[in-house]
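Participant: Below you'll find the structure I mean.
Bear in mind these aren't lab numbers, they're just calculated from the coordinates by the rules spelled out. Worth saying up front: this structure is predicted, and the values here are computed from it rather than measured. Note: ideal-geometry Cβ built from the backbone for every residue, glycine included; neighbour counts use all protein chains shown.
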Ligand SMILES: Nc1ncnc2c1ncn2[C@@H]1O[C@H](COP(=O)(O)OP(=O)(O)O)[C@@H](O)[C@H]1O
Ligand SMILES: [Mg+2]
């Protein structure tokens, strides 16, 4: 179970004319299993909210809190946030010719855990993760995002 809780969040962005307040008291609670779509006019601060949660350096939280299961997200570095599961997904992920999905996933898992996954169980774990999102295990041998459809890129991202 995970809960992301945003309380009375105020954020300013650095502009040429100095800091400008964009978010003026955002409240949002996202519980395990929920999907939230944030909609609003251009320039209303949707991207600013996402950047602020992810830890973009241009955006300064002046007051309010963001917690994940009670832990202070704003006190975490960007990579700590990512490891906790908070990161921005790219609309158009880059293709990486020469890097196989299998290699990419293994490197990512090693970065998260601080040690390489056990070879004995690794292949089985990858296949299981792929089956969960209905991704053909044959993708393990393909290059990251190369020639993937939009949906296949998203499945790979989730894996
Ligand atoms: N780096 C920046 N420099 C100047 N203004 C910015 C910057 N980032 C965001 N803003 C301003 O903050 C407001 C909110 O932008 P944004 O969060 O991108 O809105 P949305 O994603 O809802 O369209 C806009 O007025 C935008 O011009
Ligand atoms: Mg935006």
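Participant: Just to be sure I understand, how many residues within the stretch 42-65 are surrounded by fewer than 18 Cβ atoms within 10 Å (Cβ to Cβ) and within 12 Å of ligand 2 (Cβ to nearest atom)?
Facilitator: 6
Participant: Looking only at the stretch 25-48, how many residues end up being under 16 Å from the mean Cα position of the chain (by Cα), closer than 14 Å to residue 5 by Cα and within 16 Å of ligand 1 (Cβ to nearest atom)?
Facilitator: Number of matching residues: 1.
Each row is one residue, and each column tells you yes or no for (1) surrounded by 12 or more Cβ atoms within 10 Å (Cβ to Cβ); (2) under 26 Å from residue 150 (Cβ atoms).
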| position | (1), (2) |
| --- | --- |
| 7 | yes, no |
| 39 | no, yes |
| 75 | no, no |
| 92 | no, yes |
| 98 | no, yes |
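Participant: When residues of the stretch 134-153 are filtered for being in a helix (DSSP H, G or I) and closer than 16 Å to residue 96 by Cβ, how many remain?
Facilitator: Result for the stretch 134-153: 5.
Participant: Restricting to the stretch 48-70, name every residue that is without any contact (Cβ under 8 Å) to a residue 40 or more places away in the chain and at negative phi.
Facilitator: Once the filter is applied, which keeps residues that are without any contact (Cβ under 8 Å) to a residue 40 or more places away in the chain and at negative phi, the stretch 48-70 yields 48, 50, 51, 54, 56, 57.
Participant: Which residue, of 88, 68, is touching a helix residue (DSSP H, G or I) at 6+ places or on another chain (Cβ under 8 Å) and within 16 Å of ligand 2 (Cβ to nearest atom)?
Facilitator: 88
Participant: Taking the stretch 76-97, which residues are part of a helix (DSSP H, G or I) and touching a strand residue (DSSP E or B) at 6+ places or on another chain (Cβ under 8 Å)?
Facilitator: Hit for the stretch 76-97 is 84, nothing else.
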